[in-house]
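The structure appears right after this line, and notes come after that.
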Amino acid sequence: MHNTIYNQRGAGLIEVLVTVLILGTSLLALAALQSKSLQYNHSAYLRSQANILAYDILDRVRINRKNVGSYNQKMDAAKPAGGTVASNDIRDWLTTIETMLPGADGAVTCDANSLCTVEIQWAEQSSSGEKTEEQGSFVYTTQI
């Protein structure tokens, strides 16, 4: 009898399956990482917008410093009807908040010592763009 030894050529089916499994798992992990990255980036964007909007109302209060007490606005309260500079500022600010942040509302509290606190709340969104149960919040306190 004649024994012939054949050299292996190419890859076996098991090696190809293991490679595909590793590659598929890696691609799924990268997709999940990208999705979370987008979600965190959007959350940071909303927080930056809230920061800018808080500075906006505080600058309006500083301009109308003699009427600091007129800027008090509770969370979930109706928008002021207008008539004074302060009520117009609050109404415009609340409208801007609703436009810029999803499901947002704001509050301003100024005391007799001209210490003002601005609070803005909004609904966070998932990576698919749907609103979640999580609530974003930004609070800023400063002396006017």
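The values are calculated or read from the model by the stated rules, or taken from the named source; none is laboratory data. In this text, all values refer to a predicted model and were calculated from it rather than measured experimentally. Backbone-built Cβ (ideal geometry, glycine too); neighbour counts: all protein chains shown.
When only residues in region 78-93 that are hydrophobic (A, V, I, L, M, F, W, C) and either assigned to a loop (DSSP other than H, G, I, E, B) or touching a strand residue (DSSP E or B) at 6+ places or on another chain (Cβ under 6 Å) (or both) count, which is surrounded by the most Cβ atoms within 10 Å (Cβ to Cβ)? By that ranking, first place goes to Ile90. With respect to (1) free of Cβ contacts under 8 Å to residues at least 60 places away in the same chain; (2) out of contact with any Leu (no Cβ under 7 Å at 6 or more places or on another chain); (3) in a strand (DSSP E or B), the lone exception for Cys116 is condition (2).
Each residue in region 41-77 was checked for being over 30 Å from Gln125 (Cα atoms) and not in a helix (DSSP H, G or I), and 1 of them qualify. Within region 40-62, if we keep just the residues that are in contact (Cβ under 8 Å) with a residue 24 or more places away in the chain and over 17 Å from Met100 (Cα atoms), the residue that is surrounded by the most Cβ atoms within 10 Å (Cβ to Cβ) turns out to be Val61.
Quick one: which residue in Thr95, Thr117, Thr99 is closer than 18 Å to Asn51 by Cα, touching a Phe, Trp or Tyr at 6+ places or on another chain (Cβ under 8 Å) and polar (S, T, N, Q)?
Only one candidate qualifies: Thr117.
Considering region 115-136, the residues that are at pLDDT 85 or above and over 12 Å from the mean Cα position of the chain (by Cα) include one that is surrounded by the fewest Cβ atoms within 10 Å (Cβ to Cβ), namely Leu115.
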